[in-house]
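Peer 1: Mind looking over this structure? Questions follow.
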Amino acid sequence: KGDPELAAAYAELGDVFVNDAFGSSHRAHASVTGVAERLPSMAGLLLERELDAFDRVLNDPAKPFVAVLGGAKVADKLPVIENLLPKVDAVLIGGAMAYTFLKARGVEVGASRFEPDEVETVLAATAEAERRGVDLLVPVDHVIADRFAADAQHRETEGEAIPAGWMALDIGPRTRRAYAERIAGARTLVWNGPMGVFEMEAFRGGTETVARAVADCPGYTVVGGGDSVAAIELLELGERIDHISTGGGASLELLGGTELPGIAALARG
């Protein structure tokens with residue numbers, strides 16, 4: 001909770017503070033910000049690599065710059081989309097968050113998860129992307145299931161609409177090909193969030209296609225977020241990614257343009 005007495009007690013234990021925990025640097029905890037403000041402080045080598053990678057992506061990206069964003073909650077990714085729109089050439093949307101984008105466009109999403117409270121915000125982000133000439137791609141087909149289970153009945157749709165009573169749990173083959181093609185042409189690429197429920201083998205194809213495309217991408221590639229990193233590790237592609245971030249929440253906040261308290265404290269320390 002950032003308690004000052006606890007921070008002071010920690011600070012008495014040493015003479016110098018080194019923060020090498022990027023994955024905690026978005027938290028204003030006593031052990032993250034409190035000690036840094038009371039002792040001579042600096043970034044460790046891992047934290048330095050993380051900041052260098054995200055600085056390159058956010059402030060000096062080679063073009064074309066492509067962002068691939070997936071995962072469950074569109075609300076978590078909207079700040080990232082809004083912050084990246086002035087910088088990127090294309091945003092590729094997958095995961096459950098895609099169905100809010102489709103619903104906002106008037107597409108039937110069946111029993112798929114979507115966030116009705118975010119429809120207006122999604123429409124605004126879509127309009128802003130169009131105004132800036134950024135290609136904002138959403139799935140044009142899906143792998144759908146009759147229930148959320150590994151052994152559910154599943155099939156591919158022919159188009160973007162999802163039938164009543166069915167839920168989309170992965171992007172379909174045409175979307176996979178389109179996304180892989182855009183990734184292949186990127187000179188800077190950021191990926192945060194899976195394309196579907198990759199933990200279930202039947203709904204892993206979209207995430208696997210994106211992961212392999214990112215690994216093959218000739219540009220500078222950064223992968224963040226626990227699920228995306230887990231997919232990279234599952235497919236044993238880690239050595240072919242330029243930077244794999246150790247911080248899910250921290251990387252998401254950096255991509256969203258938020259100053260991390262742990263980093264700001266080092267600057268003051």
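The values are calculated or read from the model by the stated rules, or taken from the named source; none is laboratory data. Treat the numbers as computed from the prediction; the structure is a model and nothing was measured. Methodologically, a virtual Cβ is constructed for each residue, glycine included, from the backbone with ideal geometry; neighbour enumeration extends over all protein chains shown. Quick note on the areas: whole protein, heavy atoms, side chains included, nothing else; ligands and nucleic acids left out. Shrake-Rupley method; radii C 1.70, N 1.55, O 1.52, S 1.80 Å.
Peer 1: State whether the residues of segment 77-93 include one that is open to solvent by 30 Å² or more (accessible area, probe 1.4 Å), among the hydrophobic types (A, V, I, L, M, F, W, C) and either touching a Pro at 6+ places or on another chain (Cβ under 8 Å) or under 22 Å from Ile171 (Cα atoms) (or both). Steps first, answer last, please.
Peer 2: Taking segment 77-93 as the starting set, the residues that turn out to be open to solvent by 30 Å² or more (accessible area, probe 1.4 Å) are 79, 82-83, 86-87, 89.
Checking which are among the hydrophobic types (A, V, I, L, M, F, W, C) leaves us with none.
So far as segment 77-93 goes, no, none of its residues is open to solvent by 30 Å² or more (accessible area, probe 1.4 Å), among the hydrophobic types (A, V, I, L, M, F, W, C) and either touching a Pro at 6+ places or on another chain (Cβ under 8 Å) or under 22 Å from Ile171 (Cα atoms) (or both).
Peer 1: Specify which of the listed residues (Glu160, Glu199, Glu156) is open to solvent by 40 Å² or more (accessible area, probe 1.4 Å), out of contact with any Asp or Glu (no Cβ under 8 Å at 6 or more places or on another chain) and on the phi < 0 side of the Ramachandran plot. Explain how you work it out, then say what you get.
Peer 2: Working: Glu160 fails: out of contact with any Asp or Glu (no Cβ under 8 Å at 6 or more places or on another chain); Glu156 fails: out of contact with any Asp or Glu (no Cβ under 8 Å at 6 or more places or on another chain).
So the residue among Glu160, Glu199, Glu156 that is open to solvent by 40 Å² or more (accessible area, probe 1.4 Å), out of contact with any Asp or Glu (no Cβ under 8 Å at 6 or more places or on another chain) and on the phi < 0 side of the Ramachandran plot is Glu199.
Peer 1: Right, something else. Name the residue that is nearest to Pro261 (Cα to Cα), counting only residues in segment 1-20 that are of a type in the set (Gly, Ala, Ser) and part of a loop (DSSP other than H, G, I, E, B).
Peer 2: The residue in question is Gly2.
Peer 1: Given the condition assigned to a helix (DSSP H, G or I), modelled with pLDDT of 95 or more, under 24 Å from Thr258 (Cβ atoms) and polar (S, T, N, Q), answer yes or no: does some residue in segment 31-46 qualify? Write out each step before concluding.
Peer 2: Taking segment 31-46 first, the residues assigned to a helix (DSSP H, G or I) are 31-34, 45-46.
From what is left, the residues that are modelled with pLDDT of 95 or more are 31-34, 45-46.
Still in the list and also under 24 Å from Thr258 (Cβ atoms): 31-34, 45-46.
So of that shortlist, the ones also polar (S, T, N, Q) come out as 31, 33.
Yes, some residue in segment 31-46 is assigned to a helix (DSSP H, G or I), modelled with pLDDT of 95 or more, under 24 Å from Thr258 (Cβ atoms) and polar (S, T, N, Q).
Peer 1: Let me ask another. Would you pick out the residues in segment 176-196 that are more than 18 Å from the chain's Cα centre (by Cα) and surrounded by 24 or more Cβ atoms within 10 Å (Cβ to Cβ)?
Peer 2: Scanning segment 176-196 gives no hits.
Peer 1: Go through segment 214-263 and report how many residues are open to solvent by less than 60 Å² (accessible area, probe 1.4 Å), without any contact (Cβ under 8 Å) to a residue 60 or more places away in the chain and not in a loop (DSSP other than H, G, I, E, B).
Peer 2: Summing the residues that are open to solvent by less than 60 Å² (accessible area, probe 1.4 Å), without any contact (Cβ under 8 Å) to a residue 60 or more places away in the chain and not in a loop (DSSP other than H, G, I, E, B) in segment 214-263 gives 11.
Peer 1: Determine whether segment 164-175 contains at least one residue that is outside any loop (DSSP other than H, G, I, E, B), in contact (Cβ under 8 Å) with a residue 40 or more places away in the chain and not aliphatic (A, V, I, L, M).
Peer 2: Taking every residue of segment 164-175 in turn, at least one turns out to be outside any loop (DSSP other than H, G, I, E, B), in contact (Cβ under 8 Å) with a residue 40 or more places away in the chain and not aliphatic (A, V, I, L, M).
Peer 1: For segment 95-136, name all the residues that are part of a loop (DSSP other than H, G, I, E, B) and either open to solvent by less than 40 Å² (accessible area, probe 1.4 Å) or of a type in the set (Phe, Trp, Tyr) (or both). Before you say what the answer is, go through the steps one by one.
Peer 2: Initial filter on segment 95-136 (part of a loop (DSSP other than H, G, I, E, B)): 95-96, 105-108, 110-115, 133-134.
Within segment 95-136, Gly95, Ala96, Val107, Gly110, Ser112, Phe114, Glu115, Val134 meet the criteria.
Peer 1: Need pairs with beta-carbon distance below 8 Å; first residue within 17 Å of Thr100 (Cα to Cα) and within segment 117-141, second among the charged types (D, E, K, R) and assigned to a loop (DSSP other than H, G, I, E, B); sequence gap 6+ or separate chains.
Peer 2: If the second residue must be among the charged types (D, E, K, R) and assigned to a loop (DSSP other than H, G, I, E, B), the pairs left are Thr126/Arg105; Val138/Arg105; Val138/Glu160; Pro139/Glu160; Val140/Glu160; Asp141/Glu158; Asp141/Glu160.
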